[in-house]
Amino acid sequence: MKSTKEHPSAETIYNALQEEYPTMSLATVYKALKVLVEVNLVQEINVGEGTFRYDGNVEPHPHVHCTNCFRVDDIEGISFSFLNDEIRNHTNYNILSNQVYFYGLCQDCTKEN
């Protein structure tokens, strides 16, 4: 997953591996992803589709989600880490992490509409 910019779901990963590993179950994929998240090799993201997506880039970064085709992309070069201090100052919370998502139409879907 480190070599791709894709943000696949467990089901997408399962389907991609089915031909090569026909006896593998979807539960096995979920268990493997859970371990990868726990050891911080993969980031679990929730863009509001009712399922999680997975990202091989575990550095804090925002995402943009197309509400038409459901594509998810990284937003590179923009950091929201300064918000941790701002939120801490306003709420007295000890901020452990943040995830920032933007929603809209990707370039391809914008052209179609």
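FYI, it's all coordinate maths here, none of it is from the lab. In this text, all values refer to a predicted model and were calculated from it rather than measured experimentally. Glycine also receives a Cβ, built like all others from the backbone with ideal geometry; neighbour counts cover every protein chain displayed.
For this structure, a couple of remarks:
- The GluC sites (Glu not before Pro) of region 1-69 that meet both conditions, a loop assignment by DSSP and at most 10 other Cβ atoms within 10 Å of the site Cβ, are 19, 20.
- Look at the alpha carbon pairs under 8 Å that are at least 6 residues apart: their mean separation over the length of region 1-58 gives a relative contact order of 45 percent.
- Here is the size of region 10-82 from its Cα atoms: Rg then Dmax, 14.0, 46 Å.
- Our coupling estimate for region 69-80, obtained by passing each phi through the Karplus curve with A = 6.51, B = -1.76, C = 1.60 and θ = phi - 60°, is 9, 6, 5, 10, 10, 6, 9, 9, x, 10, 10, 10 Hz, Gly and Pro reported as x.
- Around the amide H of residue 45, modelled in the peptide plane, lie the amide H atoms of 53, 54, 55, all under 5 Å away and 5 or more residues distant in sequence or on another chain.
- Relative contact order for the chain, counting Cα pairs under 8 Å that sit 6 or more residues apart, in percent: 24
- Cα-centred dipole magnitude for the chain, charges only on beta-carbon of K, R (+1) and D, E (-1), debye, nearest 20: 180
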